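Visitor: Please see the structure below; I have some questions.
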Amino acid sequence: MSDLSNRTLTIEKTFNAPVQLVWDAWTQSEHILKWWAPNGMDLKVIEHDFKVGGKWKYTMQMPDGTEFISEGAYTEIVELEKIVTSADFKPMTENVELQAYFEAVGEKTKFTFNVVHATPEYCKQQEEMGFYNGWGSAFERLVKHLEVLVK
């Protein structure tokens, strides 16, 4: 097993919302629908069983009509602190681990998002395929969604 640091892509953000709201946005289907997909794409929640061992599955319609499937199973949940899940984003990314960390900082939330890949080569390939643009776009949608909730 190679060193985690060369197999992990990380995005850190501070959300202008309390940790409970950010947590809810990650863990409740009605919120996930509003931000999980990149800009301009609609998401359908097929399955969302938020518990350790529970599975999740979302689909997005691509502009060319094909379906993009995101799915995984939760492996670790620490209320208001951490979510770890396996993840496949077919057809582009398979067999990765998502780690979402939440830290209350007053009325804001420090958020760290890691995606751990099987090999350094696969990690680099995913980065070059647009990892930061794709997730960055989804997290911008999350920022906007949280702004509406905070008001």
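Computed from the coordinates by the stated procedures, all read-outs in this text should not be read as laboratory data. Since we're looking at a predicted model, the values are computed, not measured. Counting neighbours? That spans all protein chains shown, and the Cβs are built from the backbone with ideal geometry, glycine included.
Visitor: Where does the charge balance sit around THR85 when Lys and Arg score +1, Asp and Glu -1, over other residues with C-beta under 10 Å from its C-beta?
Guide: For residues surrounding THR85, the net value is -2.
Visitor: GLU12: net charge of surrounding residues, Cβ under 14 Å, Lys/Arg +1, Asp/Glu -1, itself excluded?
Guide: Net local charge, GLU12 excluded: +2.
Visitor: What percent does the relative contact order of the chain come to when contacts are Cα pairs within less than 8 Å and at least six residues apart?
Guide: 30 percent
Visitor: List the GluC sites (Glu not before Pro) within segment 15-73 that fall in a DSSP loop (any state other than H, G, I, E or B) and whose Cβ has at most 14 other Cβ atoms within 10 Å.
Guide: Qualifying residues, ordered by number: none.
Visitor: Just for the Cα atoms in the chain, what are the lengths along the principal axes, largest first, rounded to whole Å?
Guide: Principal-axis extents of the chain (Cα, largest first): 41, 39, 29 Å.
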